[in-house]
1. Pick from region 129-176 the residues that are among the basic types (Lys, Arg) and at pLDDT 85 or above: which of them is nearest to residue 45 (Cα to Cα)?
2. I'd like the full set of residues that are under 21 Å from residue 326 (Cβ atoms), modelled with pLDDT under 80 and touching a Lys or Arg at 6+ places or on another chain (Cβ under 9 Å), limited to region 357-398.
3. Being free of Cβ contacts under 8 Å to residues at least 12 places away in the same chain and among the hydrophobic types (A, V, I, L, M, F, W, C) narrows it down to one of 355, 333, 318, 383, so name that one.
4. Hey, can you tell me all the residues within region 138-172 that are touching a residue at least 40 places away in the same chain (Cβ under 8 Å), farther than 22 Å from residue 35 by Cα and not in a helix (DSSP H, G or I)?
5. Considering only region 367-385, state which residues are surrounded by fewer than 12 Cβ atoms within 10 Å (Cβ to Cβ) and not in a helix (DSSP H, G or I).
6. Residue check: is residue 197 touching an Asp or Glu at 6+ places or on another chain (Cβ under 6 Å) and β-branched (Val, Ile, Thr)?
Amino acid sequence: MPDVVLQASSVAKAFNGMPALVSAGLTLRAGEVQVLMGQNGAGKSTLIKILAGVQARDGGSIRLDGRPFDARTPLQAQRAGIAVVHQEVQLCPNLSVAENLLAGRLLRRWWGIDWQRTQREAESALARLSLQLDVRRPLGELPVALQQMVAIARALHQRARVLILDEPTSSLDEAETARLLELLRQLRGQGVAILLVTHFLDQAYAVADRFTVLRNGELVGEYPAKLPRMKLVQLMIGRDLSATAATRDAAAPAGKPLLQTHKLGRRNAVQGLGLIVAPGEVLGLAGLLGAGRTEAARLLFGADRADTGTLQVDGRALALHSPRDAIRAGLALCPEERKVDGIVAELSVRENIVLALQARRGVFRMLPRAAQRGLANAFIQRLGIKTADAETPIGVLSGGNQQKAILARWLATGPRLLILDEPTRGIDIAAKQDLMEQVLALCRQGMALVFISSELPEVLRASDRVVVLRERRQVADLDARGLSEERLLHVMAGAAA
């Protein structure tokens, strides 16, 4: 059994009284790749920040080489041999490769920095990773994959014995990802203890020696890399699955497609989307964390521009240069991150509701204040938005009522197709049921719906068809009638059905 380098036990952390970690932990061994798995909100990022000295823990213990360890700053963690490479490379793109690699440790002589020795030292550090680069070149001129390599080389040059990589492949293509995974195998052979956080199951199984699973801030357990995929997914979501089939009251009305895509995609986002949605139909998008669901929603709404494939509305090609083009075509999107991409917290409920309608009308056709108030009051009553009045700042409303206000914003535009990205996340059961009843009632009147949710029972109950995304590609288009949650998870995880 390899030597234990770092062990965290019963780690707890709360923010403003809300627990992020309850009893989390992991064990890192020399010459092993440990993959940390868990859904959104499991506590992975918080645990990493505590190990890296970015945040202080509220409880629990951490031991490094068998001795108590408590890094209060990132510098203390680095000096102890713990290095973190983040999803977004946190280096200086305007400085050279050598300056980034040896920042704070540039080699000097009595007259100042010895650039020749510094550059040779940087080349030697890169050679450890079998990299040959012009170390005088600005880092920002390199592809993201090579910037990641420089960040790893910097960590190893600091004599890191524990290397933590947080979603390092999220911005890499297949060839770049394969190169990084091969590097991890090489570092494992050099005795480095590696903690990898990734939501890509194929990549996790390609390099893992062991899995550690967190759920709701708690350690579920530590498992060997031969753990079956379905078992790993079940551990992450927290329940066993039966083959109980979902049922639909009625099939969606047949008709010509309202929206159709052919091989729609964007590099490093999602590829090969072939979606067909008819009026009155509910199309579910399912996939594990990082499968590309939100990226697909943004492409359909023009928030990101596609660089491959086509999109048609009513059989006619439509180029979406911005969300305004989508709004004009009758498309609407309720985004996943309502507090970041949805609400404008300082504005009133009224102002948030009329936002999209006013954007479609333009700055020279302002909607009169009385009309705004009438529209807002109508939707407040129709959707049961609990607020003192339409002039209340939306930021003080509960999450469920904020979500209803965002829905009202788009319903005010009279959309023909509505994209809902995680519409029920973070709201109570009653608000979930109320919101979904409102939306499905509109579908029965002919509005099309693309529905994205991590809650698979919700997807199966609401959808007529389910498109499955895996590793940022569309892999299946399934009839939701008779489809079980277990079968759907098999397809999502890439396991044999």
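The values are calculated or read from the model by the stated rules, or taken from the named source; none is laboratory data. Predicted model, so just to flag it, every value in this text is computed and none were measured. Counting neighbours? That spans all protein chains shown, and the Cβs are built from the backbone with ideal geometry, glycine included.
1. Ranking the qualifying residues of region 129-176, first place goes to 161.
2. If the condition is that a residue be under 21 Å from residue 326 (Cβ atoms), modelled with pLDDT under 80 and touching a Lys or Arg at 6+ places or on another chain (Cβ under 9 Å), then 359, 360 are the ones that fit.
3. Only one candidate passes the filter, namely 318.
4. Listed by number, the residues that qualify are 138, 142, 158.
5. Within region 367-385, 368 is the sole residue that qualifies.
6. Spelling it out, residue 197 is indeed touching an Asp or Glu at 6+ places or on another chain (Cβ under 6 Å) and β-branched (Val, Ile, Thr).
Each row is one residue, and each column tells you yes or no for (1) surrounded by fewer than 23 Cβ atoms within 10 Å (Cβ to Cβ); (2) in a loop (DSSP other than H, G, I, E, B).
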{"position": "285", "(1), (2)": "no, no"}
{"position": "291", "(1), (2)": "no, yes"}
{"position": "300", "(1), (2)": "no, no"}
{"position": "303", "(1), (2)": "yes, yes"}
{"position": "321", "(1), (2)": "yes, yes"}
{"position": "325", "(1), (2)": "yes, no"}
{"position": "344", "(1), (2)": "yes, yes"}
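A quick yes/no check of all residues on (1) hydroxyl-bearing (Ser, Thr, Tyr); (2) surrounded by 19 or more Cβ atoms within 10 Å (Cβ to Cβ); (3) part of a loop (DSSP other than H, G, I, E, B); (4) more than 22 Å from the chain's Cα centre (by Cα):
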position	(1), (2), (3), (4)
7	no, no, no, yes
11	no, yes, no, yes
20	no, yes, no, no
23	yes, no, no, yes
31	no, no, yes, yes
34	no, yes, no, no
46	yes, yes, no, no
